[in-house]
Amino acid sequence: MNSNDRSIVGLVMVAHGLVHTYELSIPIFMTVWLAEFGVSEAVLGGLVGTGYFLFGVGALPGGVFVDRFGARRLIAGCLAGMGGAFVLLGVAPGVWTVAGALVLWGAAASVYHPAGLSLISTGVQQRGRGLAWHGIAGNVGIAGGPLVTALLLLAFDWSVVAWMLAVPALGGTVLALRASFDERAAVRADSPETPSPSGPRIFWQRTATLFTVGFAVVFAAAALSGLYYRGVLTFLPDLLTPLVTIDLPIDVEAGRYVYAGLLMVGIGGQYVGGRLTEWGRPERGLAGAFGGLAVVALLFLPVSEMGTAGLLGASVVLGFVLFVIQPLYQATVAEYSPADARGLSYGYTYLAVFGVGALGAVLAGTLLQYAGPVLLFGVLAVIAGGGGGLSAWLALHRPSGGRTAEAS
């Protein structure tokens with residue numbers, strides 16, 4: 001990589017890792033908030049789900065802002081907003097202030113993915129390598145964020161931990177503002193220098209063109225993936241703790257550490273999922289991954305109740321399959337969207353996964369409050385089964401928009 005590539009990749013790695021660090025530290029904090037604020041799972045799930053919803057729904061306007069203001073400014077604003085949100089979280093006197101801080105975090109974090117991916121695509125000459133390092137950094141945040149949060153909570157009050165977590169984002173803001181690079185270094189010399197037509201009418205025209213039958217099915221499958229992802233992860237640390245039977249040398253919420261370990265396994269799942277996209281049609285792999293998630297949902301609680309060994313084994317499988325699916329739906333999106341609408345297609349994908357998927361937190365909280373974990377995991381199995389059915393339909397029917405969209 002040249003110096004411009006390294007500057008860009010260094011910035012997006014920091015930002016991507018922090019986005020997912022904060023995203024998955026929130027369920028660790030929830031184990032404290034449930035006890036401290038005396039709220040129900042249904043109420044807390046709804047409040048947290050609002051922040052997660054904004055994390056997804058903001059991706060579409062985020063893409064518009066990137067085109068208008070540039071990726072660097074958006075990434076700097078994202079980092080500053082996330083850091084400010086965790087500062088506010090640290091002074092929160094009650095659950096409603098916590099909810100406000102999470103709303104701020106979700107709005108700020110939502111612009112990252114369109115900004116970061118746009119910056120890599122236009123500024124990095126070795127784009128594939130840049131995307132690889134970008135993904136690795138995200139996985140480190142996914143796995144490391146909850147672990148660091150859980151370890152800090154051993155020594156500090158949760159509000160102090162929130163302040164400590166804010167520091168890297170504020171430092172990253174300075175890095176984004178001071179870094180020197182050319183955002184368009186990878187754009188071919190004969191590419192148009194003027195921005196493409198914009199405005200509400202153009203946006204809706206491009207949306208109508210994008211949403212073939214095939215892409216609509218992919219969008220629905222991505223939304224189901226997001227519902228499962230958020231539904232299973234939001235309250236998982238709290239669910240895991242009573243299932244851990246091993247005696248620990250210190251008094252801790254043991255589920256936090258099983259949860260962090262589960263997410264570490266997801267790094268391997270991401271790698272395997274990425275390799276699977278190279279070996280055949282991604283729809284088939286996506287259908288198989290959804291089927292695996294359905295089986296995991298049905299067996300997770302029975303196996304976990306067999307003891308610590310069963311719990312650890314079930315958690316390893318859940319962590320692996322939960323993340324193996326992500327590269328598969330990302331590759332499927334590329335198969336069912338035209339090249340000139342790829343950015344818009346991923347904007348809608350993140351809207352589905354993180355926006356619609358945020359309802360999974362509300363669903364999980366409500367089911368846990370009024371029915372219990374058995375029904376929650378049963379509903380998650382149905383959601384995964386629906387995603388598997390849609391993916392299998394794609395593999396069998398290859399509707400208009402599939403694969404030939406690459407040439408359009």
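The values are calculated or read from the model by the stated rules, or taken from the named source; none is laboratory data. Being a predicted model, the structure only gives us computed values, none of them experimental. No Cβ is skipped: glycine too gets one built from the backbone with ideal geometry, and neighbour counts run over all protein chains shown.
Table for the structure above
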| read-out | value |
| --- | --- |
| Any hit, the stretch 138-146, residues being among the hydrophobic types (A, V, I, L, M, F, W, C), crowded, with 17+ Cβ neighbours inside 10 Å and at pLDDT 85 or above | yes |
| Only one of SER121, SER110 that is at pLDDT 85 or above and among the hydroxyl-bearing types (Ser, Thr, Tyr) | SER110 |
| Residue that is modelled with pLDDT of 85 or more, out of contact with any strand residue (DSSP E or B) (no Cβ under 6 Å at 6 or more places or on another chain), surrounded by fewer than 19 Cβ atoms within 10 Å (Cβ to Cβ) and in a helix (DSSP H, G or I), where the choices are ALA166, ALA216 | ALA216 |
| Test: residue in the stretch 342-353 that is assigned to a helix (DSSP H, G or I), in contact with a Ser or Thr (Cβ under 7 Å, 6 or more places away or on another chain) and surrounded by 21 or more Cβ atoms within 10 Å (Cβ to Cβ) | yes |
| One residue from ALA309, ALA287 being assigned to a helix (DSSP H, G or I) and closer than 30 Å to LEU152 by Cα | ALA309 |
| Residue among ALA331, ALA314 that alone is surrounded by fewer than 24 Cβ atoms within 10 Å (Cβ to Cβ), over 18 Å from VAL57 (Cβ atoms) and at pLDDT below 90 | ALA331 |
| Contacts under 6 angstrom Cβ, first residue in the stretch 366-390 being outside the structural domain of GLY46 (by TED's automatic domain parsing) and touching a residue at least 60 places away in the same chain (Cβ under 8 Å), partner surrounded by 15 or more Cβ atoms within 10 Å (Cβ to Cβ) and acidic (Asp, Glu), 6 or more apart | LEU368/GLU41; GLN369/GLU41 |
| Residue within the stretch 147-168 that is within 23 Å of LEU47 (Cβ to Cβ) and touching a Ser or Thr at 6+ places or on another chain (Cβ under 6 Å) present | yes |
| Exclusive hit being in contact (Cβ under 8 Å) with a residue 40 or more places away in the chain and more than 15 Å from ALA358 (Cβ to Cβ), set GLY106, GLY56, GLY90, GLY46 | GLY90 |
| The lone exception for GLY372 - which of (1) at pLDDT 90 or above; (2) closer than 15 Å to ARG230 by Cα it fails | (2) |
| Filtered residue count, the stretch 264-284, keeping only those that are more than 19 Å from the chain's Cα centre (by Cα) and in a helix (DSSP H, G or I) | 5 |
| Given (1) buried (at least 23 other Cβ atoms within 10 Å of the Cβ); (2) at pLDDT below 85, number of the condition ARG201 does not satisfy | (1) |
